[in-house]
Amino acid sequence: MIVDDKLRTPGAVRDAERWTAHNYHPLPVVISSAEGAWLTDVDGRRYLDCLAGYSALNFGHRHPQLIAAAHAQLDRLTLTSRAFIHDQFADFCRELAELCGKDLVLPMNTGAEAVETGIKVARKWGYQVKGVAAGQANIVVAEGNFHGRTTTIVSFSTDEDARADFGPYTPGFTVVPYGDLDALTAAINENTVAVLLEPIQGEQGVVVPPEGYLPGVRQVCTERNVLFIADEIQSGLGRTGATFACDHEGVVPDMYLLGKALGGGIVPVSAVAANADVLGVLKPGQHGSTFGGNPLACAVAIEVVRLLATGEFQRRSAELGERLRAGLEGLLGKGLVGVRVRGLWAGLDIDPALMSGREACERLAARGVLAKDTHGSTIRLAPPLVITEEEIDLAVAQLTEVLAG
């Protein structure tokens, strides 16, 4: 409820615009608290969160098990650097490695750091193990990718907003159409050390590749002695109705890149998981991070891994995702011209004659539902996996009203 006569949101929005570099264009909503799948703004208005921090909040806001782990660790130890070993480190690395079915884990902080780590490891593996000539390593990537915004990563982005005016660009990448196995295969040569892909392209609008594409990538990588790196930073950790999006087609990559939900919406945590013949190429001093694998991060991430180990959240995502799919597909021809759903992750193409994605998200926010637009008239829905059937129905009902005008 509104707690005083004067709304605080307009002033807070103005202050943010005044004092912040404009590298984002947020909706004019100012959040002050949250619980589960619900957010409350500074004026007391509640919103259903259908973005979940781009999958960083898979377990909802302030999940009690994760908050308890954070509180307990805050009272003990928060940072040592990797100059020493702390008592949460081995448990985190072991339990995440077991969840991934891999030998080793290299913890970092952000998703972009995990991607950069994967690139460095793949290049070093290429030189030391595959025998690629010095300075010639190449990585095949896909059009429409989103792996982060460092200078190296934007060098192989095809999104001009992310890429333009940040050159000179880092060489060593070949871009091919997403979902085109023939083009990917043709791009691999003797200097190719890895194929780096999102199993589902999130920023592009939850684009699911054709059936058989990921198994085909796995096969050609094996045949050509190339690492298959799966960026599961958004798609992984329960979002799609499985632990990893690759699981839907029985594919096991050589390297998982993980982040977002790994920190439980509390602290930034990312990681690379791979076998010893890949991650073992790194030696002391060749890569690292002061905050990577810090005690607070590990304490929270251990509980995230344990939540996933129960399978409960993967099942919820799969079951509730079918309810979401049914509701959204019922809007095809009624304002939606495209729907893509995998678990509790959906990309919706709105008829551009009706409105832009931004306008749709603004209208949804006015109705108490928060979502995010991307690329023109496309919006994404990615609610926390703790959302209920009734809350899914509420989100679909509000979208129905928005589309009806």
Selection from G343, G250, T158 lying farthest towards where the dipole of the chain points positive, charges on Cβ: T158
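Could you sort 104-110, 195-201, 209-215 so that the peptide with the highest average Cβ count within 10 Å comes first and the rest follow in order? Intermediate results must be reported in sequence, preceding the final value.
Working: 104-110: 22.9, 195-201: 25.9, 209-215: 15.6.
Going by the mean number of other Cβ atoms within 10 Å, highest first, we get 195-201, 104-110, 209-215.
Roughly how big is the range 186-231's charge dipole about its Cα centre, with Cβ charges of +1 (Lys, Arg) and -1 (Asp, Glu), in debye to the nearest 20? Can you show the working numbers first?
Working: 2 positive and 6 negative charges, 26 e Å.
For this selection, approximately 120 debye.
With charges only on Cβ, +1 for K and R and -1 for D and E, what is the dipole size of the range 154-230 about its Cα centre, in debye, rounded to 20? Working shown, then result.
Working: 3 positive and 11 negative charges, 61 e Å.
The calculation lands at about 300 debye.
With 27 Å as the limit, write out which pairs from K130/K260; K124/K372; K120/K260; K102/K372 have Cα-Cα distances beyond it, or answer none. Display every interim value, and only then the final one.
Values: K130/K260 32 Å; K124/K372 37 Å; K120/K260 21 Å; K102/K372 34 Å.
Beyond 27 Å: K130/K260; K124/K372; K102/K372.
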Amide H partners (placed H, <5 Å) of T174, local residues excluded: I139, V140, V141
Folded to 0 to 90 degrees: helix 295-309 orientation relative to the chain principal axis, Cα: 80
Cβ-placed point charges (K, R +1; D, E -1), dipole of the chain about Cα centre in debye, nearest 20: 700
Cross-link partners of K334 among aspartates and glutamates (Cα-Cα below 15 Å; sequence separation of 8 or more within a chain): D349, D351, E401
Degrees separating the helix 89-100 axis from the principal Cα axis of the chain, which is the longest one: 90
Dipole of the chain, positive end: most advanced residue of V140, V207, P177 [Cβ charges, Cα centre]: V140
Charge context of G259, other residues only, Cβ under 11 angstrom, K/R +1, D/E -1: -2
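Once every DSSP H run of n ≥ 4 in the chain is given -39500 (n - 2.57) and the sum is divided by its residues, what mean residue ellipticity at 222 nm do you get, rounded to the nearest 500 deg cm²/dmol? Don't skip to the end; give the middle numbers.
Numbers: 14 runs with 142 residues, N = 405.
Only helices count here, giving -10500 deg cm²/dmol.
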Degrees, to the nearest 10: 389-404 long Cα axis against longest axis of the chain: 70
Proximal aspartates and glutamates to K6, defined as alpha-carbon separation beneath 13 angstrom and excluding residues fewer than eight positions away on the same chain: D43
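No lab work stands behind these numbers, since they all come straight from the coordinates. Keep in mind it's a predicted model, so treat the numbers as computed, not measured. Positions of Cβ are backbone-derived with ideal geometry, glycine not excepted, and every protein chain shown enters the neighbour counts.
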